[in-house]
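Structure first, then comments.
The values are calculated or read from the model by the stated rules, or taken from the named source; none is laboratory data. In this text the structure is predicted, and so the values were computed from the model without any measurement. Methodologically, a virtual Cβ is constructed for each residue, glycine included, from the backbone with ideal geometry; neighbour enumeration extends over all protein chains shown.
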Amino acid sequence: MKWRREEGFEFGALALNTVITFAALGIGLLVGSILSYPDIAVRQIIFALIGVAILLPVAIYPLTFTLWFAIDVLSHPPPTEELIEAARHADSSN
């Protein structure tokens, strides 16, 4: 199957990546605030969340790309010709 299904396909993976990263940042902020209450450790929380904001999107991009690919295949099934070509390619590589 084509890895890049159509122009702009990567924006879906990027959006999914952004949603997951923002959710992780929100949860991290909430947990950090609760754990350090009443003297909230603002500096430590900010530095930890900056690290998460930089590393998490890079680390999970392959996962979000694959998830978006699966969502796209389920919502827009590939044409029969593409499936036949993919099967032929898989057979030739074995």
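One table, with the values for the structure above:
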quantity: Of all residues making up the range 64-94, the number that are β-branched (Val, Ile, Thr), under 29 Å from Ile27 (Cβ atoms) and in contact (Cβ under 8 Å) with a residue 24 or more places away in the chain; calculated: 2
quantity: Residues of the range 1-23 that turn out to be surrounded by 13 or more Cβ atoms within 10 Å (Cβ to Cβ) and not in a helix (DSSP H, G or I), as a count; calculated: 3
quantity: Of all residues making up the range 2-23, the number that are on the phi > 0 side of the Ramachandran plot and in contact (Cβ under 8 Å) with a residue 40 or more places away in the chain; calculated: 0
quantity: Answer from Ile50, Ile60 - the residue that is more than 30 Å from Pro78 (Cβ to Cβ) and surrounded by 11 or more Cβ atoms within 10 Å (Cβ to Cβ); calculated: Ile50
quantity: Candidate set from the range 24-43 (those that are in a loop (DSSP other than H, G, I, E, B) and of a type in the set (A, V, I, L, M)); member that is nearest to Leu56 (Cα to Cα); calculated: Ala41
quantity: Residue within the range 49-63 that is within 25 Å of Ala86 (Cβ to Cβ), out of contact with any Lys or Arg (no Cβ under 6 Å at 6 or more places or on another chain) and in contact (Cβ under 8 Å) with a residue 24 or more places away in the chain present; calculated: yes
quantity: Hits in the range 67-83 - residues which are surrounded by 11 or more Cβ atoms within 10 Å (Cβ to Cβ) and modelled with pLDDT of 85 or more; calculated: Leu67, Trp68, Phe69, Ile71, Asp72, Val73
quantity: Where a residue in the range 24-47 is surrounded by 12 or more Cβ atoms within 10 Å (Cβ to Cβ) and its partner, wherever it lies, is not in a helix (DSSP H, G or I), with Cβ under 6 Å and at least six apart; calculated: Ser33/Ile40
